[in-house]
Structures are given as C-alpha cells and as structure tokens.
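What follows is a short report on a single structure.
The values are calculated or read from the model by the stated rules, or taken from the named source; none is laboratory data. Worth saying up front: this structure is predicted, and the values here are computed from it rather than measured. No Cβ is skipped: glycine too gets one built from the backbone with ideal geometry, and neighbour counts run over all protein chains shown. These accessible areas exclude ligands, DNA and RNA; they are computed on the full protein's heavy atoms, side chains included. Shrake-Rupley method; radii C 1.70, N 1.55, O 1.52, S 1.80 Å.
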Amino acid sequence: MNRSGANAQSASITHSEAPARLAGIQSAIEQACRDANRAREAVTLIAVSKTFGAEEIWPVIAAGQRVFGENRVQESQAKWPELRARQAGLELHLIGPLQSNKAADAVALFDVIHTVDRPKIAYALAEEMSRQGRRLPVFIQVNTGAEPQKAGVLPEAADAFIAECREKAGLDVCGLMCIPPAEDVPAPHFALLAEIARRNDLPDLSMGMSADFEVAIHQGATHVRVGSALFGSRPRPA
Ligand SMILES: *Cc1c(COP(=O)(O)O)cnc(C)c1O
C-alpha cells in the first residue's frame, strides 16, 4: 500500500494512500464480520487519530471516514474544531483517561466517551451533560487484566459500578470498553467484557485495536479502535 515499499505501519499516512489504507481496514472488518456471521453494520470503525495533526487526518476524512477517536482533550481541542468546520457529520469519541476538571471540555467537544471508570468522573460528566444540555452515550472501561497501572473498574466491581452510573448518576451507559494487557492473548479479555455486558443488558462493546480487531469482532465488538494500521506508526508515544 505504501509507495515507498515499506510496511504500511512504518510511515504516517499521505493523501494518496488514505483511500487504500481505509479500504484495506474496511475489507478486513467485512471479512471478520462474515467469518463471525455478523452484520457489517453491527461494527463501527473508530479511526484513532491521536498524535496526528489535522493535515494527516484530513485525507482520511476525505476518503470517507467519519468516526474518529482521540485520547487527550486538549490535543483534540487544538485540531477538531478546524476539521469539523471543513466537514459536517463527524463523530468524535474520547478513548483516553479523563480527569474531572476536563469534564466540561470533554462534554462540549466529544460525542461519545469510552472511559468512565470511577464515581467522581461519572458524576462530573452527568453534571456537565445536564448543564450543557448534551446527553452523550458513555462506555464504562473495565480493567479486564486487573493491571495496577491501567484505568478501568475491576471486573468484580463492574456490575455495581454500572448500576451506579445508570441509576445514581443517570448516565446513558451504552456499553463497555477494555484494553487487554499487551502481553496476553486478547480473546479471553474480550470474552470477559462481552459476558459482563450481557449480564448487564449493555448492547455495545468497544474492544479491538490494530493488532486484534478481527479477534474482537469474533467476540462481539461493536466498536473497534484502529490507529496505527490506518495512520501509520505514531510519531511519539501517546
Ligand atoms: C491508541 C489507542 C488505540 C489504537 O491503537 P493502535 O494499536 O494504534 O490501533 C485504541 N484504543 C486506545 C484506548 C488507544 O489509546
């Protein structure tokens, strides 16, 4: 796909490459949906554009992608208003950790939030949504690998936290999100997330990244978050 002949992930995307990169990922998603006997419409591709600038994101928008994910509020404020002015109908998902002092900015800029993982952030978001009159769907992040350094509610605390977000905070909880430990086989983590969602009647599962989105689709992912396979390797760690 890359004209220099290098691996598609080794260089960031250019205008001429964007349609082929996007089509390649779309066809891999289609194939995974066929293999899993699922409808293609059941899976949303979130193009993860963190660390890339508006000039690298624009070609992907021009190639037809409308749903994007970012992991930092401030970085997103610097590039998305301009992109949204150029293209209507973009949908922006916050997939990175959120501090409660950024809740107002996050509610104003994003359309979906994937990383609700503690009461403080749940109530801060609920308050901002009612203040701004913007009721956003949210995912609850589950730390399926119980990694100490990773965000997310522990699996054994998930049911109670989901109930608190729905009943006490009044959030519109649409589903669950996870990032499996890098060193683990991902499928059991995806299956655990799917089981917690099932028993809590949550329809959406945000799981699967560049390396494992096909596995995630087999396990029921409704939202796959694909960054480097589309945009190339990131210039600096996110
Ligand atoms: C960066 C990131 C992704 C995308 O990762 P790739 O491996 O580049 O596809 C997905 N989800 C989250 C939460 C991320 O921070």
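Mind checking whether some residue in the stretch 125-144 is open to solvent by 40 Å² or more (accessible area, probe 1.4 Å), within 18 Å of Cys178 (Cα to Cα) and either within 15 Å of the ligand (Cβ to nearest atom) or acidic (Asp, Glu) (or both)? No, because not a single residue in the stretch 125-144 is open to solvent by 40 Å² or more (accessible area, probe 1.4 Å), within 18 Å of Cys178 (Cα to Cα) and either within 15 Å of the ligand (Cβ to nearest atom) or acidic (Asp, Glu) (or both).
When you look at Val73, is it within 16 Å of the ligand (Cβ to nearest atom), crowded, with 18+ Cβ neighbours inside 10 Å, among the hydrophobic types (A, V, I, L, M, F, W, C) and under 17 Å from Thr14 (Cβ atoms), yes or no?
So Val73 fails the test.
Go through the stretch 175-193 and give me each residue that's closer than 19 Å to Val112 by Cβ and either away from the ligand (no atom under 16 Å from the Cβ) or open to solvent by less than 10 Å² (accessible area, probe 1.4 Å) (or both). Those that are closer than 19 Å to Val112 by Cβ and either away from the ligand (no atom under 16 Å from the Cβ) or open to solvent by less than 10 Å² (accessible area, probe 1.4 Å) (or both): Gly175, Leu176, Met177, Cys178, Leu193.
Filtering the stretch 21-41 down to residues that are surrounded by 13 or more Cβ atoms within 10 Å (Cβ to Cβ) and of a type in the set (A, V, I, L, M), which residue is farthest from Glu70 (Cα to Cα)? In this case the residue turns out to be Ala36. Checking each residue of the stretch 38-55 against the condition of being within 15 Å of the ligand (Cβ to nearest atom) and of a type in the set (D, E, K, R) gives at least one match.
From the list Glu167, Glu156, Glu195, exactly one residue is within 24 Å of Asp111 (Cβ to Cβ) and part of a helix (DSSP H, G or I). Which is it? Before the answer, list the steps.
Details: Glu156 fails: within 24 Å of Asp111 (Cβ to Cβ); Glu195 fails: within 24 Å of Asp111 (Cβ to Cβ).
Unique residue meeting the criteria: Glu167.
Among the residues of the stretch 194-210, those identified as open to solvent by 70 Å² or more (accessible area, probe 1.4 Å) and touching a residue at least 24 places away in the same chain (Cβ under 8 Å) are Arg199, Pro203, Met209. Please find, within the stretch 198-238, the residue that is nearest to the ligand (Cβ to nearest atom) out of those that are assigned to a loop (DSSP other than H, G, I, E, B) and charged (D, E, K, R). If we take residues in the stretch 198-238 being assigned to a loop (DSSP other than H, G, I, E, B) and charged (D, E, K, R), then Arg234 is nearest to the ligand (Cβ to nearest atom). Taken together, the residues in the stretch 166-202 that are of a type outside the set (A, V, I, L, M, F, W, C) and touching a strand residue (DSSP E or B) at 6+ places or on another chain (Cβ under 6 Å) amount to 3. When you scan the stretch 46-65, do you find a residue that is basic (Lys, Arg), within 19 Å of the chain's Cα centre (by Cα) and not in a helix (DSSP H, G or I), even just one? Yes, because at least one residue in the stretch 46-65 is basic (Lys, Arg), within 19 Å of the chain's Cα centre (by Cα) and not in a helix (DSSP H, G or I).
On the given criteria, is Glu156 acidic (Asp, Glu) and away from the ligand (no atom under 16 Å from the Cβ)? So Glu156 fits the description; yes.
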